[in-house]
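Since every read-out is calculated from the coordinates, none of them should be taken as a lab result. Treat the numbers as computed from the prediction; the structure is a model and nothing was measured. No Cβ is skipped: glycine too gets one built from the backbone with ideal geometry, and neighbour counts run over all protein chains shown.
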Amino acid sequence: MTYTITVLPGDGIGIEVTEQATAVIHDIGKKCGHDFYLREALMGGCAIDKTGTPLPEETLALCKASDAVLLGAVGGPEWETLPGNLRPEAGLLAIRAGLGLYANLRPAVIYPALKNASPLRPDIISGGVDILVVRELTGGIYFGERGRKTLPDGIETAFDTEQYSTLEVERIARVGFEAARKRKKKLMSVDKANILESSRLWRETILKIAPDYPDVELSHMYVDNAAMQLVRNPKQFDVIVTSNIFGDILSDEASQITGSIGMLQSASLGSGTLGLYEPVHGSAPDIAGKDLANPIATILSVAMLLRYSLSLEAEAELIERAVESVLDNGFRTPDIRSENTKIVGTGEMGRLIREAINAL
Ligand code: NAD
């Protein structure tokens, strides 16, 4: 069987980090006997320069005809003065919509070797933290009715509407349950059901489908409490499933407790197995082309790609264990440096991870 993966390097460090990530895919293929067919396409600033648009139709068609898509990062100062709909970042919204991706998965992992990078106290994170935030991506208040009204007394008001259908809640909840099944089988649904009607529907809908997943332990938490618990006792969480706006805020909070943007991977999924995998960071123009970028977020995005789109769990774990062993051996890119560590560049970090994969 051949797996087709479309790679969108994008701009800035996107090019360097996807180069390392694709080398990892090739090594996994050789080691584990899989046939990966990789092809590159244009997206972001480079696509604007060559075609006038951040997401050319040809790129979207290639992505749709793939088993998975790996994206580096897009954007840079060269394109900052263009109108909003023609900027590289417009391609990000367009590709998510074009591929029907409604679930965003963001893990937040504190590796024992990087515990000093976390802003949390050592006793709070001892033993490591491993959380997956599943955020609904195409509904809720970011897409609801909005507007402004001037009251009869001349005071101006504005409103945004949080609205969810049972269909939208059910499909994101199933992503959460399925993800929990592949992990520690604990799902925390976060809402504000003590106040919001949309949250009450959210909770009812999740409770209705919970019997389909008897092996997953489901619990519920109000969003204000969840925000507190993430910094008070993050080890209690396995998978969190939540709405677009709550997920936006909680996934940023969860990622910051890990301490480094160069380590954060993400996945966006739709109803089939096709997914888009990318690091959380941007194109980092300040360090682009200098062999300084940390490729680990993109390499860990490959692990998610193998797990969620190709169901290659053992291969995904191989990558994760290789990253952990390179960190345990004291190698660091400059962004995650600490005392008594060996500083390496983008290419060398990629090579060390591939060496560890081959040795495992
Ligand atoms: P950024 O994430 O690119 O960089 C923020 C800081 O983190 C910089 O100091 C950078 O050097 C550092 N950094 C980021 N990734 C790193 C890595 N892998 N290794 C080491 N250091 C790393 O965010 P920004 O500076 O706000 O944005 C730069 C450009 O990227 C903008 O054009 C922005 O719109 C775009 N952007 C794109 C995406 C995406 O493609 N998904 C996401 C965010 C920002």
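A few comments on the model shown:
- Using θ = phi - 60° and Karplus 6.51 cos²θ - 1.76 cosθ + 1.60, couplings along the range 131-144 (whole Hz; Gly, Pro as x): 10, 10, 9, 9, 10, 5, 10, 10, x, x, 5, 6, 10, x
- Using the Karplus relation 6.51 cos²θ - 1.76 cosθ + 1.60 with θ = phi - 60°, the per-residue 3J(HN,Hα) values for the range 309-319 come to 9, 10, 6, 9, 5, 4, 5, 4, 5, 4, 5 Hz, with x marking Gly and Pro.
- Placing +1 on the Cβ of every Lys and Arg and -1 on the Cβ of every Asp and Glu, with nothing else charged, gives the chain a dipole about its Cα centre of roughly 700 debye.
- Estimated dipole of the range 29-93 in Debye, rounded to 20 [Cβ of Lys and Arg +1, of Asp and Glu -1, Cα centre]: 260
- Proximal lysines relative to LYS182, as straight alpha-carbon distance under 28 Å, when same-chain residues fewer than 8 apart are discounted: LYS30, LYS31, LYS64, LYS115, LYS192, LYS208, LYS235
- ARG135 sits among other residues whose Cβ lies under 9 Å from its own Cβ, and their net charge, with Lys and Arg +1 and Asp and Glu -1, is -1.
- Projecting label points 7 angstrom from Cα along Cα→Cβ for THR2 and ASP35 puts them 0.6 nm apart.
- Applying 1/(1 + (r/R0)^6) with r as the Cβ-Cβ distance of PHE143 and LYS64 and R0 = 22 angstrom yields a FRET efficiency of 0.50.
- Site pair ALA314 and HIS26 shows an inter-label distance of 2.4 nm when each label is modelled 7 Å from Cα along Cα→Cβ.
- Look at the alpha carbon pairs under 8 Å that are at least 6 residues apart: their mean separation over the length of the range 78-208 gives a relative contact order of 17 percent.
- Whole-Å distance, taken between Cα centres, linking the range 266-344 and the range 93-145: 14
- SER189 long-range amide H proximity, modeled H, under 5 Å: SER219, HIS220, MET221, VAL241
- Pairwise label distance in nanometres, LEU207 with GLU80, each label 7 Å out on the Cα-Cβ vector: 5.0
- Given R0 = 22 Å, the distance between the Cβ atoms of ASP215 and THR166 translates into a calculated FRET efficiency of 0.40.
- Charge sum, other residues only, whose C-beta stays under 12 Å from CYS32's C-beta, Lys/Arg counted +1 and Asp/Glu -1: -3
- Karplus-derived 3J(HN,Hα) values for the range 213-229, using 6.51 cos²θ - 1.76 cosθ + 1.60 with θ = phi - 60°, are 10, x, 7, 9, 7, 9, 9, 10, 8, 6, 4, 5, 5, 4, 4, 6, 5 Hz; glycine and proline are entered as x.
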